[in-house]
Structure formats: structure tokens, C-alpha cells
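The values are calculated or read from the model by the stated rules, or taken from the named source; none is laboratory data. Model, not experiment: these values are computed from the prediction. Counting neighbours? That spans all protein chains shown, and the Cβs are built from the backbone with ideal geometry, glycine included. These accessible areas exclude ligands, DNA and RNA; they are computed on the full protein's heavy atoms, side chains included. Shrake-Rupley method; radii C 1.70, N 1.55, O 1.52, S 1.80 Å.
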Amino acid sequence: MPVMSVEPCTFALFGALGDLALRKLFPSLYQLDRAGLLHEDTQLLALARDTGDASVHLGVIEQHLRRYLPPNELDEALLQRFVARMRYLSMEFLPPDGYPQLAEMVGRGRQLIAYFATPASVYGGICANLAAADLAESTRVVLEKPIGHDLQSSRAVNDAVAAYFPETQVYRIDHYLGKETVQNLIALRFANSLFETQWNQNHITHVEITVAEKVGIEGRWGYFDKAGQLRDMIQNHLLQLLCLIAMDPPRELSADAIRDEKVKVLRALEPISAEQMSQQVVRGQYVAGISDGKAVPGYLEEDNANAESDTETFVALRADIRNWRWAGVPFYLRTGKRMAQKLSQIVIHFKEPPHYIFAPEQRQLIGNKLIIRLQPDESISLQVMTKDQGLDKGMQLRSGPLQLNFSTAYGRERIPDAYERLLLEVMRGNQNLFVRKDEIEHAWHWCDQLIAGWQKLGDSPKPYVAGTWGPMSSIALTTRDGWAWYGDL
């Protein structure tokens, strides 16, 4: 069992009976305990509004652990030890009444981690109550994104938190940043001169970032219709991936050094005016179609849907970065629901050699690609050109991968879930994988101008059939520049 790597703490989960807590957070905490990474004196507090017998609510959490943990990773003795760490407290989050009892359960001077699995609108109120209960000094607060629905509301939430907690105690979660492959982007780029010396406009033609989901709204219509795919995914996840790809080397592997470089990228993003929208941005909304061989409804036919909604379920866009490294290199971002497959990947397209000597009909094959896949399986693949095998092949070329598949390369070693890594880093007090306030604000500023452009143009989302790769105009987005989305079938 590994040496304890964190100090004892009290982990208080606000919204403990919500879907995020039951499906992701408690299973991740269990896995940390199973790996010996929770201090034996660490205690877990489940906080929710539900009244009644605490043992009943703890039983619900245990039932969900049994449901979501893989059978081969559920050890009965470890599960009972984990459940024994937990206590349940019924409390309203905005009235201050329950916080003295919370402070008593935490204990004076003990490290508290307050995880807000709640709407962002209550973050400020919870922080005010924690401070009033004399808990602010020893607390790290963890905020789920998205924070706000535009720049103004985001600032209001962050300012309300900052009134009681300095930036050094605030951890804004983006679960994509906890993925093993995303972490490997830093190592891949800055530990390998093979890549970093080629990582610029002299050697790269364009970059693709795709985050596609096969599922629809899954009962979240009320929330999603107020947000849309741009707010839910572009601002929230894809811009973070873009920053990690495009940033310059940080001076060191510290939280602020890394985040300083990401902010430089966000500041350098070229604004997209309303007049440019038709050429650079596509928004879509899925209609009825086929997914996994089954008929599925359109967005406007989902349960509790508003048939007049013009909320987008798909966004594709071209982003340009105004700096020396990336001048003239388009970044194509694409994300949507009810798409052809579940896929999250980054594709770096390298320029072809300046002098071509092989058969003319094979020229379209030329060009190395670095493919970084986040899901469904995490892997890194470099597509390279080699000679095809066989005496009758001559110098016929073929494209093949030099590949690192994590599940294959590391055998039976388990790949941690993103939330496991992020929760552990909060306990360690390491902010490298978390998002700073100014990152949030610059991302919102860029996305707000897109929303304003849609409103100015009265632009409605274009329909696309569920189970496809989105509206046809998203194909034109790349083809007008001479490219095509990689791997679309």
C-alpha cells in the first residue's frame, strides 16, 4: 500500500444526494481510499437538504456505490470501512442555521474541503455562511463549472466567493483537466524536443478538437435549454483543451506559471464578428434519427421540451490565435449531442515535406498526424508514412500508427478516473489542474461575443439528424479551407 500522501482532512460534500455526487464523487473517493490515498483520520460529511434518518441517506449512498463501482473493484470490507468514514447532516445551504453544527462536526483548526456540487448561484451564500461559522481560514472550496452563464454572471459568482476566500483557497473543477491523456499533453510537448520544435505555424497546418456525445439530453432538458452546447462545452471544456495545445512552455510546473500561459492563449483568440459568423461558426439542433440501431427523438421532442426552443445542441467553429507561434493555423472546434459516436480527440495535422518524390496518386496520403484520444479509450497515436510490405509493392506508401494505448501499455494497471486525480490534488493543496478566475473570465468574454453575434443575426440552429456528425455546413467549415474532419465515417 502506498505511503500516505495527504494530511487528514474533513471532506464536506454539499449536494451529497445529487447525481454528480452519487455517480462520480463518492465512487472516486472510494477509489482513493481503496488505493490507500486517504489518511486514516480523514472523515467525509454528506450534506443535503433531505431530512429524516441519517442512516437511510447513508444507505442510499452505499447503494449507489454498489451500482457504479465495477464489481471487481468493490471490496466488501473496504466498502464498509469507507462508509464508516461518512456522516450525514441535513441542512439548508443558504440559511446560516446549520453551519454551527457543521463547524462542530469539523472541529477547530482542522483542514476542511468544501465541495460545492450545487448550482453556482448558491456558491457565494455557502461561502458567507462558512466564514460566519469561523471556517474560512482552514477551508479549500471546490467549485463545479460552468460558473455563471456569461461574463457578468461569472464575475458575480467569483466575486461573491472571493469576498471570503482568496484565490489560493479556490479550486475550480474542469474534469477534462484530470484525464490522464490531458495530463500527458504537458509531458508530450515539453519533455520531447521531437514535438516541441515542430509545435508551431512552420510545421502544423491545422488542429482539430472534437468532443462528440451519442446521448441526448438524458432528462436535463430544463438545465440544458438555458445553457446550450456553446456554454456547456465550448466555454467549459474545449477552450481548456485548446489552451493546453497552444500555450507556450511555462517557466516551471507551478499552478500560476501554467495558468499564466493559458491566459495568454485566451487573450490572443481572434474575435469573431457577427459578419464573420456564417463562415466561421455553425450551430445545430438534432432532429429525430437512429442511434445504436434505435429510433431516438429530436431535441424538441424530448420530455418537457419547449417546441419553440432555438437552443443549439451542436457547435462547430474555426478559432484563430493572434501570436507568432500560431499565425495562420486554424483551430477547428466541434462538439454536439446525438452524434455518430462517443468521441473526444485532438488531431494535430503536420505539414507535408517540401519536396515530394513518390507516386503522384499517393500525395494525398502524405502528412503526419498526432491523434490524442481522451475517450472512449485514452491513447496517443502518431500517424507516420512507411513503405507497404511485399515484393510487388515497389515504393507504395501506407499510413500507420506509432501508438501508445494506455490500457495496453500499462497492462492491468488501473487508469484513475479524472475526478479521483482532481480530488486528490485538492487534498494535497495543488492547484495545477484547476482553473483560475481570469481564465474563466477570458473564456466567457470570447464566448459572449459569439452569443451576441447569433442574437444580432437572429441565427437559428441548423437541423441535423440524430446519429450523424452534425449539420452539413460543419463539413463546409473545414473544406473551404482545404481540409476535412479526421475519421468521420
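Would you please list the contacts, defined by Cβ atoms under 9 Å and residues six or more apart or on different chains, that run from a residue in the stretch 429-446 that is on the phi > 0 side of the Ramachandran plot to a residue that is surrounded by fewer than 22 Cβ atoms within 10 Å (Cβ to Cβ) and part of a helix (DSSP H, G or I)?
GLY429/THR168
Consider VAL215 against the criteria (1) modelled with pLDDT under 95; (2) surrounded by 21 or more Cβ atoms within 10 Å (Cβ to Cβ); (3) among the β-branched types (Val, Ile, Thr): it satisfies all of them except one. Which criterion is unmet?
Of (1) modelled with pLDDT under 95; (2) surrounded by 21 or more Cβ atoms within 10 Å (Cβ to Cβ); (3) among the β-branched types (Val, Ile, Thr), only one is false for VAL215: (2).
Which numbered condition trips up LYS145, out of (1) closer than 25 Å to VAL56 by Cβ; (2) surrounded by 16 or more Cβ atoms within 10 Å (Cβ to Cβ)?
LYS145 satisfies every listed condition except (1).
Do you know which of the residues in the stretch 57-84 that are of a type in the set (D, E, K, R) and under 29 Å from the mean Cα position of the chain (by Cα) is farthest from ALA131 (Cα to Cα)?
Kept after step one, since they are of a type in the set (D, E, K, R), are these residues of the stretch 57-84: 62, 66-67, 73, 75-76, 81.
Adding the requirement that they be under 29 Å from the mean Cα position of the chain (by Cα) leaves 62, 66-67, 73.
Numbers: GLU62: 31, ARG66: 36, ARG67: 36, GLU73: 39 Å.
Checking each candidate, the answer is GLU73.
Quick test of your reading of the structure: HIS237 fulfils all but one of (1) open to solvent by less than 50 Å² (accessible area, probe 1.4 Å); (2) free of Cβ contacts under 8 Å to residues at least 40 places away in the same chain. Name the failing condition by number.
(2)
Collect the residues in the stretch 106-124 that are assigned to a helix (DSSP H, G or I) and surrounded by fewer than 16 Cβ atoms within 10 Å (Cβ to Cβ), keeping them in residue-number order.
Selection gives SER121 alone.
Which condition breaks for ALA295 when tested against (1) among the hydrophobic types (A, V, I, L, M, F, W, C); (2) within 27 Å of GLU270 (Cα to Cα); (3) part of a strand (DSSP E or B); (4) open to solvent by 40 Å² or more (accessible area, probe 1.4 Å)?
(2)
Has the stretch 94-103 got at least one residue that is open to solvent by 20 Å² or more (accessible area, probe 1.4 Å) and among the aromatic types (Phe, Trp, Tyr)?
Taking every residue of the stretch 94-103 in turn, none turns out to be open to solvent by 20 Å² or more (accessible area, probe 1.4 Å) and among the aromatic types (Phe, Trp, Tyr).
If I go through the stretch 216-237 residue by residue, how many of them are closer than 11 Å to GLY336 by Cβ and assigned to a loop (DSSP other than H, G, I, E, B)?
1
Which residue is nearest to ASN432 (Cα to Cα), if the candidates are limited to the stretch 240-272 and must be among the basic types (Lys, Arg) and open to solvent by 10 Å² or more (accessible area, probe 1.4 Å)? Spell out the reasoning first.
Restricting attention to the stretch 240-272, the residues satisfying the condition of being among the basic types (Lys, Arg) are 251, 259, 262, 264, 267.
From what is left, the residues that are open to solvent by 10 Å² or more (accessible area, probe 1.4 Å) are 251, 264, 267.
Numbers: ARG251: 13, LYS264: 16, ARG267: 20 Å.
Step by step, filter the stretch 240-272, then rank; the result is ARG251.
Mind checking which residues of the stretch 467-487 are open to solvent by less than 50 Å² (accessible area, probe 1.4 Å) and either assigned to a loop (DSSP other than H, G, I, E, B) or not polar (S, T, N, Q) (or both)?
Correct list: GLY467, TRP469, GLY470, PRO471, ALA476, LEU477, TRP485, GLY487.
Which ones in the stretch 298-326 are without any contact (Cβ under 8 Å) to a residue 60 or more places away in the chain, among the acidic types (Asp, Glu) and surrounded by 16 or more Cβ atoms within 10 Å (Cβ to Cβ)?
Scanning the stretch 298-326 gives a single hit, ASP320.
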